[in-house]
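Chemist: Got a structure here, written out as structure tokens. Questions coming.
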Amino acid sequence: MRVQVLKNTFHIDADLKVVLEHLTTPENYIGLSPIVVAVEGVDRSTPGVVRYTATERFKFFGFVKWDNPIAVELFTDDSAVWGDVKSPGGVRMAYRFDLSAEGTGTRMEDTLTLSAPSLIIRYAAGEARKVQLARARILAERLKGSVGGPV
């Protein structure tokens, strides 16, 4: 297994509580992660923990679709969201979104730690990086100017 760490830090023009609420709602990852097309089996039975299955859709050669079910475990506190993703093929990803107030908005430090077999780590890391950068843009657009309670 090889490991690769990806980091991205960015600003969101929204209140920290709004960002936190958005990131702790599994259904919001549809479109927030451009490859996530479905979320199901959301389990909130344990306080501070959300478990669910997401479906990632990959396209190869522009027309071959592959739907990849992933098991997601999400933990949260007052200033962070973190957890683990288990994907078929031996790909594992630990993620952490650290949030802090920054001016009138929120600073987000997005860290992904991937582990995968040597044969697919480069592909997995490339896809994860595309999603990570898109997430920053999409989240900033979705929440721009949001103040107060949940979106």
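The values are calculated or read from the model by the stated rules, or taken from the named source; none is laboratory data. The structure presented is a predicted model; accordingly, all values stated were derived computationally and were not measured. No Cβ is skipped: glycine too gets one built from the backbone with ideal geometry, and neighbour counts run over all protein chains shown.
Chemist: Restrict the check to the stretch 115-129 and report whether at least one residue is of a type in the set (Lys, Arg) and in a helix (DSSP H, G or I). Talk me through it step by step, then tell me what you get.
Modeler: Taking the stretch 115-129 first, the residues of a type in the set (Lys, Arg) are 122, 129.
Keeping just the survivors that are in a helix (DSSP H, G or I) gives 122, 129.
Yes, the conditions are met somewhere in the stretch 115-129.
Chemist: Hey, can you tell me all the residues within the stretch 34-59 that are farther than 15 Å from Phe75 by Cα and outside any strand (DSSP E or B)?
Modeler: Matches in the stretch 34-59: Pro34, Ile35.
Chemist: When the stretch 98-117 is examined, which residues are found to be surrounded by 15 or more Cβ atoms within 10 Å (Cβ to Cβ) and within 25 Å of Met1 (Cβ to Cβ)?
Modeler: Pass one, the stretch 98-117, residues surrounded by 15 or more Cβ atoms within 10 Å (Cβ to Cβ): 99, 105-108, 110-116.
Residues satisfying the conditions are Asp110, Thr111, Leu112, Thr113, Leu114, Ser115, Ala116.
Chemist: When the residues of the stretch 39-54 are filtered to those that are in contact with a Ser or Thr (Cβ under 9 Å, 6 or more places away or on another chain) and surrounded by 14 or more Cβ atoms within 10 Å (Cβ to Cβ), which remaining residue is nearest to Ala80 (Cα to Cα)?
Modeler: Applying the first criterion (in contact with a Ser or Thr (Cβ under 9 Å, 6 or more places away or on another chain)) to the stretch 39-54 yields 39-42, 48-51, 54.
Filter once more, so that each one left must be surrounded by 14 or more Cβ atoms within 10 Å (Cβ to Cβ): 39, 42, 50-51, 54.
Numbers: Val39: 21, Val42: 20, Val50: 14, Arg51: 16, Ala54: 21 Å.
So the residue we want is Val50.
Chemist: Name the residues in the stretch 81-102 that are closer than 20 Å to Thr9 by Cα and either of a type in the set (Phe, Trp, Tyr) or in contact (Cβ under 8 Å) with a residue 60 or more places away in the chain (or both), would you?
Modeler: The first filter runs over the stretch 81-102 and keeps only residues closer than 20 Å to Thr9 by Cα, leaving 81-84, 93-102.
Scanning the stretch 81-102 gives Val81, Trp82, Tyr95, Phe97, Leu99, Ser100, Ala101, Glu102.
Chemist: Here is a further query. Name, by its number, the condition in (1) closer than 18 Å to Leu133 by Cα; (2) among the aliphatic types (A, V, I, L, M); (3) in contact with a Pro (Cβ under 7 Å, 6 or more places away or on another chain) that does not hold for Val42.
Modeler: Checking Val42 against (1) closer than 18 Å to Leu133 by Cα; (2) among the aliphatic types (A, V, I, L, M); (3) in contact with a Pro (Cβ under 7 Å, 6 or more places away or on another chain), the one that fails is (1).
Chemist: Are any residues in the stretch 26-73 among the acidic types (Asp, Glu), at pLDDT 95 or above and under 20 Å from Arg142 (Cβ atoms), and if so, which ones? Give the steps one after another, and end with the answer.
Modeler: Applying the first criterion (among the acidic types (Asp, Glu)) to the stretch 26-73 yields 27, 40, 43, 56, 67, 73.
Right, trim to at pLDDT 95 or above and you get 27, 40, 43, 73.
Listed by number, the list holds a single entry, Glu27.
Chemist: So, in the stretch 1-21, how many residues would count as being aliphatic (A, V, I, L, M) and surrounded by fewer than 14 Cβ atoms within 10 Å (Cβ to Cβ)? Lay out the reasoning, then the answer.
Modeler: Restricting attention to the stretch 1-21, the residues satisfying the condition of being aliphatic (A, V, I, L, M) are 1, 3, 5-6, 12, 14, 16, 18-20.
Of the ones still in play, those that are also surrounded by fewer than 14 Cβ atoms within 10 Å (Cβ to Cβ) are 1, 3, 5.
Residues in the stretch 1-21 being aliphatic (A, V, I, L, M) and surrounded by fewer than 14 Cβ atoms within 10 Å (Cβ to Cβ): 3 in total.
Chemist: Out of (1) in a loop (DSSP other than H, G, I, E, B); (2) in contact (Cβ under 8 Å) with a residue 12 or more places away in the chain; (3) more than 30 Å from Ser45 (Cβ to Cβ), what's the single condition that is false for Asp78?
Modeler: All conditions are met except number (3).
Chemist: Let me ask something else. Which residues, counting only those in the stretch 2-33, are part of a strand (DSSP E or B) and farther than 18 Å from Thr104 by Cβ?
Modeler: Selection gives Arg2, Val3, Gln4, Val5, Leu6, Lys7, Asn8, Ser33.
Chemist: What are the residues in the stretch 111-126 that are touching a residue at least 12 places away in the same chain (Cβ under 8 Å) and farther than 14 Å from Ser87 by Cα, if any?
Modeler: Initial filter on the stretch 111-126 (touching a residue at least 12 places away in the same chain (Cβ under 8 Å)): 111-118, 120-121, 124-125.
Of everything in the stretch 111-126, those that are touching a residue at least 12 places away in the same chain (Cβ under 8 Å) and farther than 14 Å from Ser87 by Cα turn out to be Thr111, Leu112, Ser118.
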